[in-house]
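Student: Have a look at this one before I ask anything.
The values are calculated or read from the model by the stated rules, or taken from the named source; none is laboratory data. Note that the structure is a prediction, hence the values are computed from the model and not measured. Reconstructed Cβ throughout: ideal geometry from the backbone, glycine too, with neighbour counts over all protein chains shown. Note: areas computed on protein heavy atoms with side chains; ligands, DNA, RNA excluded. Shrake-Rupley method; radii C 1.70, N 1.55, O 1.52, S 1.80 Å.
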Amino acid sequence: MEATIVTILALLFLSFVALGIYATVKVAKAAKRGVDRTIDQARRTVEDTTLRAKSLGQIGVAAELAKLRLALRGSMRATQDALQAGAVEDASLRESLDLFARLSAHGRELDEDLRRMEREPDKAYVAAQLPALTERTERITGSADALRQAARDRARRFAEDDLETLSAQIDVETGALRHWTTDDRTAGGTAGGTGASQAAWYESAPGAAGPDSGQPRTGDGPQAITAPDPRATTYPWEKTARPESAG
């Protein structure tokens, strides 16, 4: 019996130790990923700042290469953010993300070529290659921009369709909430028709006296018209009065 208890306690201890090691490893990996993301973001910020400085502070092919790299990086980064954000709510953008991944391979290759051209000492050779590099950059950024704009147009269209459907539902609901307006019109028409019928019957009844004849009404005609008690009138939106307690 004691050996069994010791074995169970040992197994529990080992389980807790293993769980602690697993949690520690997970936390360490998450922290490492966070540090890597911070370092990558800082590196990108430094590179973008350097490229902006080159594009503004230099002239010639160096400035043109910096502008191409800035345009490429900005377009690809904006498209990646837009597609990743949209894919969370729209599964159809998964295919667009796959296409963007293939486009990113060409973008990275172009960025490396532009980086090598920045270190190239032969400026004449760089100037000769600049038109082809510009064309490649425009093709890649054009495709990236098309993907990004299509994703945003799709999200905007879905939002407009949802708003239109919601507006129609609200119109139906507000009409249902204002149902008393239809009831009042119907009740008014019925009351008017009943009053006219009673007046016609009164004038055509045998032995009926007009209002100016000075003769009393006799026979089977009504002796008096009693107005309905307004307290007895109920409306569909009023709550039913609770019965008074006997106590």
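Student: Tell me which residues, restricted to segment 113-123, are surrounded by 12 or more Cβ atoms within 10 Å (Cβ to Cβ) and assigned to a helix (DSSP H, G or I). If you could, list the steps in order and put the result at the bottom.
Tutor: Of all residues in segment 113-123, those surrounded by 12 or more Cβ atoms within 10 Å (Cβ to Cβ) come to 113-115, 117-118, 120, 123.
Across segment 113-123, the qualifying residues are D113, L114, R115, M117, E118, K123.
Student: Identify the residue in segment 124-177 that is open to solvent by 60 Å² or more (accessible area, probe 1.4 Å) and among the acidic types (D, E) and, among all such residues, is nearest to A71 (Cα to Cα).
Tutor: Going through the qualifying residues, I end up with E138.
Student: I'd like to verify a number: residues in segment 7-34 that are open to solvent by 80 Å² or more (accessible area, probe 1.4 Å) and closer than 30 Å to R73 by Cβ, how many?
Tutor: In the first step, residues of segment 7-34 are kept if they are open to solvent by 80 Å² or more (accessible area, probe 1.4 Å); the result is 8-9, 11-14, 16, 19, 21-22, 24, 26-27, 29, 32-33.
Now drop any that are not closer than 30 Å to R73 by Cβ, which leaves 29, 32-33.
Selection size over segment 7-34: 3.
Student: Can you tell me which of (1) surrounded by 15 or more Cβ atoms within 10 Å (Cβ to Cβ); (2) part of a helix (DSSP H, G or I) is the one D90 doesn't meet?
Tutor: Among (1) surrounded by 15 or more Cβ atoms within 10 Å (Cβ to Cβ); (2) part of a helix (DSSP H, G or I), D90 violates only (2).
Student: Anything in segment 119-135 that is touching a residue at least 60 places away in the same chain (Cβ under 8 Å) and not polar (S, T, N, Q)? List them, or say none. Walk me through it before giving the result.
Tutor: Of all residues in segment 119-135, those touching a residue at least 60 places away in the same chain (Cβ under 8 Å) come to 123, 126-127, 130, 133-134.
Scanning segment 119-135 gives K123, V126, A127, L130, L133.
Student: Would you confirm whether any residue within segment 99-112 is farther than 24 Å from R156 by Cα, surrounded by 20 or more Cβ atoms within 10 Å (Cβ to Cβ), touching a residue at least 40 places away in the same chain (Cβ under 8 Å) and over 32 Å from the mean Cα position of the chain (by Cα)?
Tutor: No, every residue in segment 99-112 fails to be farther than 24 Å from R156 by Cα, surrounded by 20 or more Cβ atoms within 10 Å (Cβ to Cβ), touching a residue at least 40 places away in the same chain (Cβ under 8 Å) and over 32 Å from the mean Cα position of the chain (by Cα).
Student: Name, by its number, the condition in (1) under 33 Å from the mean Cα position of the chain (by Cα); (2) exposed (fewer than 10 other Cβ atoms within 10 Å of the Cβ) that does not hold for Q84.
Tutor: Result: Q84 passes all but (2).
Student: Still on this structure: Of everything in segment 136-181 that's touching a Phe, Trp or Tyr at 6+ places or on another chain (Cβ under 8 Å) and at pLDDT 90 or above, which residue is farthest from L72 (Cα to Cα)? Lay out the reasoning, then the answer.
Tutor: In the first step, residues of segment 136-181 are kept if they are touching a Phe, Trp or Tyr at 6+ places or on another chain (Cβ under 8 Å); the result is 144, 147, 180.
The next check asks that each one be at pLDDT 90 or above; those that pass are 144, 147.
Details: A144: 9, L147: 14 Å.
The residue in question is L147.
Student: What about R73, is it charged (D, E, K, R), part of a helix (DSSP H, G or I) and closer than 20 Å to T134 by Cβ? So that I can check it myself, show each step before the final result.
Tutor: On the way: charged (D, E, K, R): yes; part of a helix (DSSP H, G or I): yes; closer than 20 Å to T134 by Cβ: yes.
Criteria met by R73.
Student: Right, next: State yes or no: is A63 open to solvent by less than 80 Å² (accessible area, probe 1.4 Å), touching a Lys or Arg at 6+ places or on another chain (Cβ under 7 Å) and under 30 Å from V126 (Cβ atoms)?
Tutor: On the way: open to solvent by less than 80 Å² (accessible area, probe 1.4 Å): yes; touching a Lys or Arg at 6+ places or on another chain (Cβ under 7 Å): yes; under 30 Å from V126 (Cβ atoms): yes.
So A63 fits the description; yes.
Student: Something else now. Name the residues in segment 64-98 that are within 17 Å of Q149 (Cβ to Cβ) and free of Cβ contacts under 8 Å to residues at least 40 places away in the same chain, would you?
Tutor: Across segment 64-98, the qualifying residues are G74, R77, Q80, D81, Q84, A85, A87, E95, L97.
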